[in-house]
Amino acid sequence: MGKINIKASDRVFVLTGAGISAESGLPTFRASDGLWAGHHVEDVCTPEALEQNPELVWQFYSERREQGANAKPNPAHLALAELEAKLGDRFFLCTQNVDDLHERAGSKRLIHMHGELAKSRCSEECGQPPIEDRRVYKNLSEVGRCSCGARLRPHIVFFGEIPLDMGMIQREIDQATLMIVVGTSGSVYPAANFVHWARQNGARTVYIGPEPPLNASAFTNVVEGKAGEVMPGLFEVE
Ligand code: NAD
């Protein structure tokens, strides 16, 4: 398998999806027929679900918190942290994942475009910033309140909501000369479009994962395999 050569003039934008955490034991959802940990995403991942059944939504994200806390970063997370250590501010990581395995591997220049399991925020969007919250709630009455009095919700971007930090993401993609996409099915938008934006700017685009994503034709190079197996030693930095 060839190496991915990173030149001194390159700026690297990395997009990761659920697949990079699969080898850490966290289930993806496309891989299991559109179910995420046994749930239809519309039952636990939409504003309507939060409105109609907040207890189920909180139960689901409490389980994800518990599972995420027990998982460990795998060699793919570590390979990206090592790459960042070499490239400094020529590296930017955008993850669709809500777990914190990238941080725990040592990544620093990263954003979570779909939110973070370890945070909660006001369900009425009163303007208070998200707060750190790793609690595993057993029932709805335990869930905390915002200072405005409304119940907290998970700091997660549900389907139908606008991803976070899109301005910063757009600026970083505009500057990137190499885009590396890892473990995402290419079915969730706008993330699935990032590769097209990068190509329009003339960047090289590499996909890493065991099967081609839906947007595979937009990549200049596909590295087939499990991220934790193929990523260590994959990058050659000039
Ligand atoms: P997805 O579940 O739609 O697709 C997973 C992709 O990972 C597939 O293309 C699969 O081929 C690939 N994959 C499986 N094992 C892999 C491995 N070992 N190495 C590399 N790739 C592997 O994932 P998505 O496109 O990220 O969309 C899922 C959405 O659900 C995201 O927006 C995310 O917020 C959320 N989600 C997050 C987590 C998490 O935080 N760990 C887990 C599940 C879902």
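Miscellaneous remarks
- Test: Glu211 is over 23 Å from Phe29 (Cβ atoms), touching a strand residue (DSSP E or B) at 6+ places or on another chain (Cβ under 9 Å) and either in a strand (DSSP E or B) or open to solvent by 30 Å² or more (accessible area, probe 1.4 Å) (or both): no
- None of Tyr207, Tyr189 is free of Cβ contacts under 8 Å to residues at least 12 places away in the same chain and within 15 Å of the ligand (Cβ to nearest atom) except Tyr189.
- Residue check, Arg134 in contact (Cβ under 8 Å) with a residue 40 or more places away in the chain, open to solvent by less than 50 Å² (accessible area, probe 1.4 Å) and within 16 Å of the ligand (Cβ to nearest atom): no
- Count of segment 214-238 residues, restricted to those that are within 22 Å of Glu84 (Cα to Cα) and part of a strand (DSSP E or B), is 6.
- Residue match in segment 154-161 (condition: over 28 Å from Leu35 (Cβ atoms), modelled with pLDDT of 95 or more and either open to solvent by less than 30 Å² (accessible area, probe 1.4 Å) or within 15 Å of the ligand (Cβ to nearest atom) (or both)): no
- Of everything listed in (1) free of Cβ contacts under 8 Å to residues at least 60 places away in the same chain; (2) more than 9 Å from the ligand (Cβ to nearest atom); (3) open to solvent by 70 Å² or more (accessible area, probe 1.4 Å); (4) not in a helix (DSSP H, G or I), the single unmet condition for Arg171 is (4).
- Ser123 being in contact (Cβ under 8 Å) with a residue 24 or more places away in the chain, open to solvent by less than 30 Å² (accessible area, probe 1.4 Å) and among the polar types (S, T, N, Q): no
- Taking the criterion of being more than 11 Å from the ligand (Cβ to nearest atom) and open to solvent by less than 60 Å² (accessible area, probe 1.4 Å), the only residue of segment 66-76 that qualifies is Pro73.
The values are calculated or read from the model by the stated rules, or taken from the named source; none is laboratory data. What you see is a predicted model, and the numbers here were worked out from it, not measured in a lab. Neighbour counts run over all protein chains shown; Cβ positions are idealised from the backbone, glycine included. Please note that ligands, DNA and RNA were not included when accessible areas were found on the heavy atoms of the full protein model with its side chains. Shrake-Rupley method; radii C 1.70, N 1.55, O 1.52, S 1.80 Å.
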